[in-house]
Amino acid sequence: MKKILFIDRDGTLVKEPDDYQLDDFGKLEFYPGAISWLARIADELDFLLVMVTNQDGLGTDSFPETEFWPVHNLILKTFENEGVTFENVIIDRTFPEDNAPTRKPGTDLLQDYMAGDYDLTGSFVIGDRITDVILAHNLGARAIWLDDGTAPGGNETVWNHENLKKAVVLKTTSWKDIYTFLRATGRQVTLSRKTHETMVNLTLSLSGTGKAEIRTGLGFFDHMLGQLAFHGGMDLTLDVKGDLQVDEHHTIEDTAITLGQAVRQVADHIPAINRYGFVVPMDDSVASVAVDMGGRSYLQWEVDFSRERIGDVPTEMFKHFFRSFADASGCTIRIEAAGENEHHKAEAVFKAFARALSGALALKENNHGISTKGAEQWQ
């Protein structure tokens, strides 16, 4: 389902004039950073852009259309020239005293988005007024409040109303902050997987700091997944309840499948990522891992263990973990490792895999895709 950015115009994309009516080119001033950072959002992130604006009395004697459209069209054209195209521009023309349901924070003009195949919980309203925050709440979306202190009133209303306060996920004066926040938010996923053998609950953020809260019931496996999170720069919360009274197989396999599905789900919405490998020395051991997020599942495993178990994990399950991850994520993984200490060897593999995966999923500076084929997308 498509996610949407519902974006206010005056006070958000352009500075709001003192008389709150942008009816002359002499009053037009773009909000600092709006053009450049919204262009990056449009280029790099997977959102539809919808402009939603109240224009008090547009078409009446107090605000003739002949004064509105030339300035408005220049705003749209300026953004379009920088790669920012609005899927829709929704304008309400009523006066505040009319209390019209079409006027923000009313949602009557947005019914197509509320009834259609859209992910409103993953969508945002970006605006500078209390009405934008209330609109987000009414839509079931979240609010990004671009508050430079010039919008008339409303601040206390938001921070004294718990539901509205919860709707605001970012309060800033900077479009750069908005870009950074949206980029990180789009790279987070929460998944649950339940079978007769296991129950896996996972939250993964690829734009994290390496924090991990992992409980699988297998101490050494927790340690390896912690290395994956830390060295991959991911935040990973994982709780697994498996049939360990049988053996470790289902717990490790279903964890790998859920983790792979989470990575695939995030990668599906990244228009352009890198693809590369990594080598990690670990005392006496060395591991080389290459990851290709091109959409084809394959594992090449060149690792031999001389011990049957490391801690509470059978060493045969390491290969199965990466095979299950490759199948679920749709990626190619090539792993080679050598060394004398089996603990170090396993740890080097997970660290190298973390670095390779992090690099493979990093956003590229351009949006040229990941393959000359032009069709490397999962359906």
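The values are calculated or read from the model by the stated rules, or taken from the named source; none is laboratory data. Note that the structure is predicted; figures quoted are calculated from it, not measured. Every residue, glycine as well, gets a Cβ built from its backbone with ideal geometry; the counts of neighbours run over all protein chains shown.
Points worth noting:
Table: residues versus (1) modelled with pLDDT of 90 or more; (2) among the basic types (Lys, Arg).
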site	(1), (2)
Val133	yes, no
Val158	no, no
Lys166	no, yes
Lys171	yes, yes
Arg183	no, yes
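- For first residues located in the range 41-70 and assigned by TED's automatic domain parsing to the domain that holds Val89, partners that are among the acidic types (Asp, Glu) and in a helix (DSSP H, G or I) and lie 6+ apart or on another chain with Cβ distances below 8 Å form the pairs Leu58/Glu65; Gly59/Glu65.
- Enumeration of residues in the range 323-360 that are of a type in the set (D, E, K, R) and surrounded by 20 or more Cβ atoms within 10 Å (Cβ to Cβ): Lys345, Glu347, Lys351, Arg355
- Filtered residues of the range 321-339 (kept if among the hydroxyl-bearing types (Ser, Thr, Tyr) and either farther than 14 Å from His249 by Cα or without any contact (Cβ under 8 Å) to a residue 40 or more places away in the chain (or both)): Ser329, Thr332
- Failed criterion for Lys176 (all others in (1) at pLDDT below 95; (2) within 17 Å of the chain's Cα centre (by Cα) hold): (1)
- The lone exception for Lys3 - which of (1) among the charged types (D, E, K, R); (2) crowded, with 20+ Cβ neighbours inside 10 Å; (3) part of a loop (DSSP other than H, G, I, E, B) it fails: (3)
Results for (1) surrounded by fewer than 17 Cβ atoms within 10 Å (Cβ to Cβ); (2) touching a Pro at 6+ places or on another chain (Cβ under 8 Å); (3) of a type outside the set (Lys, Arg), shown as yes or no for each residue.
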| site | (1), (2), (3) |
| --- | --- |
| Thr185 | no, no, yes |
| Leu202 | no, no, yes |
| Ser205 | no, no, yes |
| Arg215 | yes, no, no |
| Gly233 | no, no, yes |
| Val240 | no, no, yes |
| Asp243 | yes, no, yes |
| His250 | no, no, yes |
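- The range 303-320, subset assigned to a loop (DSSP other than H, G, I, E, B) and not aromatic (Phe, Trp, Tyr), residue nearest to Glu248 (Cα to Cα): Asp312
- Residue list for the range 188-200, restricted to those being out of contact with any Ser or Thr (no Cβ under 7 Å at 6 or more places or on another chain) and crowded, with 18+ Cβ neighbours inside 10 Å: Val189
- Lone unmet requirement of (1) exposed (fewer than 14 other Cβ atoms within 10 Å of the Cβ); (2) at positive phi; (3) not β-branched (Val, Ile, Thr) for Asp98: (2)
- Only a single criterion out of (1) surrounded by 20 or more Cβ atoms within 10 Å (Cβ to Cβ); (2) basic (Lys, Arg); (3) more than 35 Å from the chain's Cα centre (by Cα) is not satisfied by Lys27, namely (1).
Conditions tested, residue by residue: (1) within 24 Å of the chain's Cα centre (by Cα); (2) farther than 14 Å from Ser329 by Cβ; (3) in a loop (DSSP other than H, G, I, E, B).
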| position | (1), (2), (3) |
| --- | --- |
| Ser207 | yes, yes, yes |
| Ile214 | yes, yes, no |
| Gly217 | no, yes, yes |
| His231 | yes, yes, no |
| Leu259 | yes, no, no |
| Val280 | no, yes, no |
| Val286 | no, yes, no |
| Gln300 | no, yes, no |
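- Strands (runs of 3 or more DSSP E) enclosed by the range 64-156 - at least 3 residues per element that are within 25 Å of the chain's Cα centre (by Cα): 124-127, 142-146
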